[in-house]
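One structure is given below, encoded as structure tokens.
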Amino acid sequence: MSPRLKISKYVIERLSKIDTNETTGCLYGLMYDSTLLVVGLSLEFFEDEKNTYRQLLLHLPAEIELCGVVKFTGSLSIESKPKEILQNVDITDNPLFIIINNEKDIKAHFLVHDKFEETPFEVLQPEDLWKQFTYVRLNTILPLTCEATMTGVKNIMQNKRKKIASGQVSFHIDGSSVYLFGVDSDVGVTGTSVDTDIGELIDSLNPEQSSKKKKNIINKVEVMPVNLVMKATKDMFSDKLVKTAVKMMTTQRKPAFCISMPLRVDTLALVHRNTKLSELYNVLVEATCRSLKLLESVLLEQLGQEGIGDGAGLRLPETFHYLPQELGHFITRVVPKDIPDESMEKERRILHEQLGLSVQRPIFRRGNAYNFIISKLVNPHEAITVHSLKPDVRVASVRGRYIYYHYMQDNFNDDGWGCAYRSMQTIFSWFRFQGYTSVEVPTHREIQQCLVNIGDKPTSFLGSKQWIGSTEVMFCLETLLGVQSRIIFANTGSELLNYTPELVHHFEKHGSPIMIGGGVLAHTIIGVEYNNITNETRYLILDPHYTGVDDINTVISKGWCGWKNSDFWNKTAHYNLCLPQTKPSI
């Protein structure tokens, strides 16, 4: 009996938007509760026999595997040719074959007893995906010491994978007393019941969140951190076993033909919350092995370059995780430390094209990497309840992540004068998150120093509490980031309505936050809602005048981040808007 089929809405949306010369692609998914869930896809030209999807699998979270093929065709007729490719599907006995025609109609088929049978499917909404699944993140360090040759690296990395796969490691769930052991230990799980599932453990570690006391949850991604522990003895029950952690090797590499470095294993797995902890051990083993293969490929690529044959110029591999909003799942990249983003454009372009992503903006630069720990509020507008739109209403909003900067943050008192500074910091954070820059968000003093350096302000301005406006924000963005901005002048708050179509166009093309200054107040516009029949406009406002702590419930319920009608603007005040522009890049 073939499994039930669910397809992530992210995949459906990408299939409907992809315009490609490729005729085929790969589908990636995971199995749970007799259900196949398709979470990803890539474009593949199978005729060249490169099978690049095999390498792409290493960049996906563990548990996500090749599950089928998608065919872009003029009709919904089926072919027998994909059967060869479907032989590589191991996740299910019934590989999936999806056909999508020029009108973007989709038909799904399972291969059952060597015949294709059409099957219905359910579209899994993003909110359901995040509620039902969680990510497990393993982050640890393993020492690497070997000869500075390709053979030496291959052998040592293969040995490490064999050691991990043989059950000579255990895993510790951070913040708990739970340890996971291999099947040969006769223990399996300690610190909790063997029948405990992942969702129950997470809820027990975060009781406040599990009781739904927090009404607004911005960070949809749930991540359970895990450590790897090497076994110091074969005695599966010894206290020493569960307390002996991997030791970091920080010794300097010898000038002889030898490599000695600490390898950071940072890897992810995607699992259903109902997954038993006893089943998690093998998942983590697979995740670790995927990470080691990625680390190995980066080391081998460097050793193959001229001048690094003896390992003298070898760079530590760095791991970055990305969660592009178009994908709905993580992609992991490992790159040599301190290699400029500019020198890796070719690799990024290949990845963009393989995943069917736009080549007009960065997605896989270092700045785009997902930050698992952020002290400030990120994208608070995502916690606002979404209402169904009326006919003829168009909504355009900020694209990507940003940090909400406001009065009194970082123990700095700018109450009454720093609103434009905070708005600029929010814009700056957006450019960092989108990968356009690696420059740190400037402080108030650094902003003032910039304006003094370019001659816009006198030296006495430094350290003062003087206001700045949209023009000064434009100067700083250009000087510090090389970002050009467009300035819109509105004589009155009422006149702002005339520029609504231009704001819509800005968010759809550039996606960056807009700084608006009028009178003595500055705000950040992060979205606009426009009825092109009635000309009625609402603005999604991020208010930098908030002086409280970074509590999302307060920020949303009190309207510090929310939709405002056009009467929010002073009808007699003069307004200047700074619209930061982006350039096509990858």
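The values are calculated or read from the model by the stated rules, or taken from the named source; none is laboratory data. Model, not experiment: these values are computed from the prediction. Counting neighbours? That spans all protein chains shown, and the Cβs are built from the backbone with ideal geometry, glycine included. What goes into the accessible areas is simple: the full protein's heavy atoms, side chains included, and nothing from ligands, DNA or RNA. Shrake-Rupley method; radii C 1.70, N 1.55, O 1.52, S 1.80 Å.
Where the Cα atoms of the range 89-134 are projected onto their three principal axes, how long is each span, largest first, in whole Å?
Cα extents, longest axis first: 35, 31, 16 Å.
Give me the aspartates and glutamates in straight-line cross-link reach of Lys465: C-alpha distance below 14 Å, same-chain residues under 8 apart excluded.
Qualifying aspartates and glutamates at Cα under 14 Å: Asp414, Asp415, Glu446.
Given a Förster radius of 30 Å and the C-beta distance between Asp415 and Asn491 as r, what FRET efficiency does 1/(1 + (r/R0)^6) yield to the nearest 0.05?
Calculated transfer efficiency: 0.55.
Counting Lys +1, Arg +1, Asp -1, Glu -1, what net charge surrounds Glu478 among other residues with beta carbon under 14 Å of its beta carbon?
0
Excluding Leu280 itself, calculate the net charge of residues whose Cβ lies under 14 Å from the Cβ of Leu280, where each Lys or Arg counts +1 and each Asp or Glu counts -1.
So the environment of Leu280 carries a net charge of -4.
Cut-off under 13 Å on the C-alpha distance; same-chain residues fewer than 8 positions from Lys571 excluded. Which aspartates and glutamates are left, in chain and number order?
Result set, ordered by chain and number: Glu495.
Could you work out how much longer the chain between Val439 and Glu508 gets when fully extended? Use 0.36 nm per residue separation minus the Cα distance between them, nm to one decimal.
Length difference between fully extended and current span is 22.3 nm.
What percent antiparallel are the DSSP beta bridges of the chain, to the nearest 5?
Taking every DSSP beta bridge within the chain, about 85 percent pair in antiparallel fashion.
Using only the Cα atoms, what convex hull volume per residue in Å³ does the range 259-349 have?
Taking only Cα atoms, the range 259-349 has a hull volume of 115 Å³ per residue.
Given axes a ≥ b ≥ c from the Cα gyration tensor, I'd like to know whether the range 146-191 is rounded (a/c under 1.5), prolate (a/b larger than b/c) or oblate.
Taking the square roots of the gyration eigenvalues as a ≥ b ≥ c, the range 146-191 is oblate.
Contour minus end-to-end for Glu117 and Glu446, with contour as 0.36 nm per residue of separation and end-to-end as the Cα-Cα distance?
Stretched fully, the Glu117-Glu446 segment lengthens by 112.0 nm.
Calculate, for the chain, the solvent-accessible area per residue in square angstrom, rolling a 1.4 angstrom probe over the heavy atoms of the protein chains.
47 Å²
For the range 477-555, which GluC sites (Glu not before Pro) pass both filters: DSSP loop (anything but H, G, I, E, B) and at most 16 other C-beta atoms within 10 Å?
Passing both the DSSP loop test and the Cβ count: Glu536.
Using the crude model of +1 on Lys and Arg Cβ and -1 on Asp and Glu Cβ, and no other charge, please compute the dipole size for the chain relative to its Cα centre, in debye to 20.
Here the chain has a charge dipole of around 960 debye.
In nm, to one decimal, how far is the Arg394 label point from the Glu13 one, both placed 7 Å along Cα→Cβ?
1.9 nm
How do 170-178, 371-379 rank on mean C-beta neighbours within 10 Å, highest first?
Output ranking for 170-178, 371-379: 170-178, 371-379.
Assuming R0 = 56 Å, what is the FRET efficiency of Phe461 and Gln87, from their Cβ-Cβ distance, to the nearest 0.05?
0.20
For a quick check of your reading of the filter: which trypsin sites (Lys or Arg not before Pro) in the range 507-586 sit in a DSSP loop and have no more than 16 other Cβ atoms within 10 Å?
Hits after loop and neighbour filter: Lys558, Lys571.
Search the structure for amide H atoms under 5 Å from the amide H of Leu43, placed 1.01 Å from N in the peptide plane, and list their residues when 5 or more places away or on another chain.
Long-range HN contacts for Leu43: Cys26, Leu355, Gly356.
For the chain, just run the numbers: alpha carbon Rg, then divide by 2.2 N^0.38 Å, N being how many residues it has.
Relative to the 2.2 N^0.38 Å estimate, the chain comes out at 1.07.
Net charge near Val271: determine it from the other residues with C-beta under 14 Å of the C-beta of Val271, scoring Lys and Arg +1 and Asp and Glu -1.
Here the charged neighbours net out to -4.
P(r) for the range 397-492, please, calculated from all Cα pair distances in 5 Å bins and given in %.
2, 13, 23, 25, 20, 12, 4, 0
Pairs Lys220/Lys376; Lys163/Lys220; Lys17/Lys583; Lys163/Lys346; Lys9/Lys346: which are spaced more than 24 Å apart, C-alpha to C-alpha?
Lys163/Lys220; Lys163/Lys346; Lys9/Lys346
To the nearest 500 deg cm²/dmol, what mean residue ellipticity at 222 nm is calculated for the chain from DSSP H runs of n ≥ 4 alone, each contributing -39,500 (n - 2.57), summed and divided by the residues?
Only helices count here, giving -7500 deg cm²/dmol.
I'd like the carbon and sulfur percentage of the solvent accessible area for the chain, probe radius 1.4 Å, heavy atoms only, ligands and nucleic acids excluded.
Answer for the chain is 49 percent, counting heavy atoms of protein chains only.
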